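To start, the structure itself, in structure tokens.
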Amino acid sequence: MAKRPAQPEFDRDCQDILTQCACEALRRTSRTVTSRYQENLRAVGITAAQLPILVAAHLMGPVPLSPLATQLGMDRTTLTRNLAGLQEADLVSVDPDVDRRVRLISITPTGRRALRRATGAWREAQSHVESAFGRERMRALIGELEALASVAAR
């Protein structure tokens with residue numbers, strides 16, 4: 001049976017979760033940064049979570065679900081759930097491949113038009129964040145986040 005930590009130790013651990021935890025810091029930052037991008041994308045009618053899916057579908061062409069999920073760093077279930085809203089809005093299509101077990105994701109003409117508008121909205125949000133934070137700091141941060149993701153995945 002695991003020993004329960006003493007109250008002061010437990011309180012310290014709880015405080016560390018709020019102040020020292022990489023996961024919590026990333027999630028808190030993500031919520032704030034996402035809010036900035038969402039504000040810009042709202043007029044386009046897509047979310048910050050949907051934007052990279054549209055971008056990847058555009059760049060990868062008709063693409064099977066698994067490679068798209070891998071490219072986006074998402075599990076298939078989460079991607080499928082996100083695709084449902086994009087399908088409903090006619091921004092992507094999900095069609096069976098010749099091999100009926102494989103579903104191909106494609107951006108639709110409506111999705112392509114939305115993506116063109118979204119890139120302008122994204123550019124404004126990106127410019128705001130980058131100019132306030134600093135371009136070099138932003139590049140360094142993205143590199144560090146990629147390294148952190150790689151370490152956490154091991």
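In this label model, GLU130 and ARG28 are separated by 2.8 nm, measuring between points 7 Å along each Cα→Cβ vector.
Once fully extended, how much extra length lies between SER66 and ALA6, figured as 0.36 nm per residue of separation less the alpha-carbon to alpha-carbon distance? Contour length minus Cα-Cα distance gives 17.0 nm.
Mark the label point 7 Å from the Cα of ARG101 along Cα→Cβ and return the residues of the stretch 64-85 whose backbone N is within less than 16 Å of it. Counting only backbone N, you get 64-67.
Give a quick list of trypsin sites (Lys or Arg not before Pro) in the stretch 1-51 that DSSP marks as loop, anything other than H, G, I, E or B, with at most 11 other Cβ atoms within 10 Å. Walk me through the intermediate numbers first.
Working: sites: LYS3, ARG12, ARG27, ARG28, ARG31, ARG36, ARG42; in loops: LYS3.
Passing sites in the stretch 1-51 are LYS3.
Counting every alpha-carbon pair across the stretch 40-127, the share separated by more than 14 Å comes to 61%.
No value in this document is a laboratory result; all are computed from the given coordinates. This one's a predicted model, so the numbers in the text were calculated from it and none came from an experiment. Because the Cβ atoms are built from the backbone with ideal geometry, glycine has one as well, and the counts that use them run over all protein chains shown.
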